[in-house]
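Take a look at the structure below.
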Amino acid sequence: MLSTHRQVTGRAGAGLFPLWGPPLRFRSADVQIGRHSFTRAQLALGDGPAGYGLMIHVPPIGPLDATASEESISAAERYFAQWYPEEPVTVFSCTSWLLDPQLAEYLHPESNILRFQRRFTLLPELPPDDPHEGDREMMRLGLQVTPPERSLEAEDLARVPQHTTLQRAFVAHLRSGRHWAKRTGVRLPAAP
Ligand SMILES: CC(C)(COP(=O)(O)OP(=O)(O)OC[C@H]1O[C@@H](n2cnc3c(N)ncnc32)[C@H](O)[C@@H]1OP(=O)(O)O)[C@@H](O)C(=O)NCCC(=O)NCCS
């Protein structure tokens, strides 16, 4: 990873990657356990502490199989309870294009993505600063096609392959004048 960072940015280190992952991984704030990686987070409500959370990430390492995903989350509960007993986990959260409920208009109900969605309670949508941000994020992280720094236009959509249901959904949705949104879902740990 360090050599890739030097190749891409021309600088030593890992901090210039436009991703949160590598620097967090180095200081153990982020840990990969099976299908998911998890970032430790401290929660606060108003002016009081509210415990600790684990943010769930979905790295691009293969299908989002529900069994592998559940095993990963259960293993994370055990791992963090063992190594960070002073940080009892109050909640798991996931913030991603994967939790956009609009995907249900296009994907099969038994697709891995919709099954993943059903395992979280969706938090209310907050108005984004930039309505195009969700589109760019889904293109970049989800479809792994580099988006432009501006709103997506016809020429950008024409670059998205149309082989899969998700790729076709992405383009059809935007062509109809709508946007994709990054959403947050939460779930409680199984163990008390
Ligand atoms: C999350 C991910 C693993 C889901 O893949 P999956 O398990 O195949 O998902 P599903 O079974 O729900 O797929 C439903 C449909 O979308 C397609 N699809 C899913 N992910 C796709 C992707 N990254 N690119 C193109 N098509 C994709 C599938 O091929 C399927 O279409 P089909 O029935 O026409 O073949 C995959 O999208 C991925 O690796 N994404 C990159 C990582 C990412 O976005 N993480 C979240 C960051 S916030």
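The values are calculated or read from the model by the stated rules, or taken from the named source; none is laboratory data. Bear in mind the structure is a predicted one, so any value in this text is a computation, not a measurement. Here the Cβ is made from the backbone with ideal geometry for all residues, glycine too, and neighbour counts use every protein chain on show. For accessibility, only protein heavy atoms count, side chains too; no ligands or nucleic acids. Shrake-Rupley method; radii C 1.70, N 1.55, O 1.52, S 1.80 Å.
Quick check on my filter: what residues within the stretch 87-118 are more than 19 Å from Q32 (Cα to Cα), modelled with pLDDT of 95 or more and open to solvent by 50 Å² or more (accessible area, probe 1.4 Å)?
P101, A104, E105, Y106, H108, P109, E110, N112, R115, R118
When the stretch 36-67 is examined, which residues are found to be within 16 Å of the ligand (Cβ to nearest atom), open to solvent by 20 Å² or more (accessible area, probe 1.4 Å) and over 13 Å from V89 (Cα atoms)?
Listed by number, the residues that qualify are H57, V58, P59, P60, I61, G62, P63, D65, T67.
Please verify whether A12 is more than 16 Å from G142 (Cα to Cα), modelled with pLDDT under 85 and touching a Lys or Arg at 6+ places or on another chain (Cβ under 7 Å), treating the condition exactly as stated.
Spelling it out, A12 is indeed more than 16 Å from G142 (Cα to Cα), modelled with pLDDT under 85 and touching a Lys or Arg at 6+ places or on another chain (Cβ under 7 Å).
All but one of (1) part of a loop (DSSP other than H, G, I, E, B); (2) without any contact (Cβ under 8 Å) to a residue 24 or more places away in the chain hold for W180; state the number of the condition that does not hold.
Single failed check for W180: (2).
Going by the structure shown, is P131 more than 16 Å from the ligand (Cβ to nearest atom) and either in contact (Cβ under 8 Å) with a residue 12 or more places away in the chain or under 18 Å from the mean Cα position of the chain (by Cα) (or both)?
yes
Scanning the stretch 138-178 for residues that are of a type outside the set (A, V, I, L, M, F, W, C) and surrounded by 17 or more Cβ atoms within 10 Å (Cβ to Cβ), which turns out farthest from the ligand (Cβ to nearest atom)?
Among those residues, the one meeting the criterion is D156.
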